[in-house]
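First up is the structure itself, then whatever we jot down about it.
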Amino acid sequence: MTERGRADGARPTDGGARPAGEGARPAGGRSVLDGRALVTGGTSGIGLAFAHALAARGCPLVIVARDAARLEKTADQLRWRYGVDVETIRADLSETTDVATVVERLVDPTSPVEILINNAGRGLHSPLLGEDLSEHDDALDLMVRAVLHLGGAAGRVMSERGHGVIVNVGSVQAFIAMGAYSALKAWVYSYSEALALELEGSGVQVTTLLPGWVRTEFHDRAGVSRSKIPEVLWLDPERVVAECLADVERGRPRSTPSHRYKVLAFLAQYAPRPAVRFVAARIVRLRRR
């Protein structure tokens, strides 16, 4: 079941002064990152970092997440800290009816969404040969079907207005074979490229974010031990989002934060496939220990 809430920018009851200088729009000409932004999975991890970064630019927000209490708490914090309007939609994007509600919000002409951050996702480490594939079905609904429907809806209305930004959150795992998660993120990458081609010349920009390992609760919920991944490979979500938004403003169709992941992504795409499969197999074995 979906629930929607609209904000008036009031401060929450915990009080305190807003940090100086926050909430101002960048000086100069109009940025492509201007106007209302809808962020899925906007209460934690990369999605929360996007919500903070966009609110700091003065963008009103629509944040979408499953946990109603956490959603309202996050909205209150964003309103207080940045003084922006924050609307909430409680939705489980693995459910068809909830996806339809978010699509309805995206196409609402009375309060246009100018920026879509297609971020909602989950970890997936169930074996491909398992008898029970329900976890894979849910992941397909969340990370493929929802991305397809939301991206299509946003692209249609944005192209009619002649401007807008769509960021689809993928992963560098799209370039290596590490189970169903890699396959789903490979779809996101290919879909984003196809969507960008359909929208070419419309004024709508599509950027695919391809992060590596990011310090968020995403990996904790997926049961991935951080100690098994070398420290040098971990990135902070704030850095990931800052580099992505900078790439969006430069008009780049792809954003791979940090030089080390740019190199790793290049090697994963263009190195001999037997070598890539060998490295992927080593990583999978390391994570299983």
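So the values come out like this:
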{"quantity": "Accessible area per residue in Å² at 1.4 Å probe, computed on the stretch 76-158", "calculated": "41 Å²"}
{"quantity": "Fraction of accessible area attributable to carbon and sulfur, the stretch 25-77 (%, probe 1.4 Å)", "calculated": "50 percent"}
{"quantity": "Rounded to the nearest 10 Å², the accessible area of Arg145 at probe 1.4 Å", "calculated": "50 Å²"}
{"quantity": "Long-range amide H partners of Leu61 with built H, under 5 Å", "calculated": "Ala37, Asp85, Val86, Glu87"}
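The values are calculated or read from the model by the stated rules, or taken from the named source; none is laboratory data. Here the structure is a predicted model, which means the values were calculated and not measured. Protein only, heavy atoms only, side chains kept; ligands, DNA and RNA dropped before computing areas. Shrake-Rupley method; radii C 1.70, N 1.55, O 1.52, S 1.80 Å.
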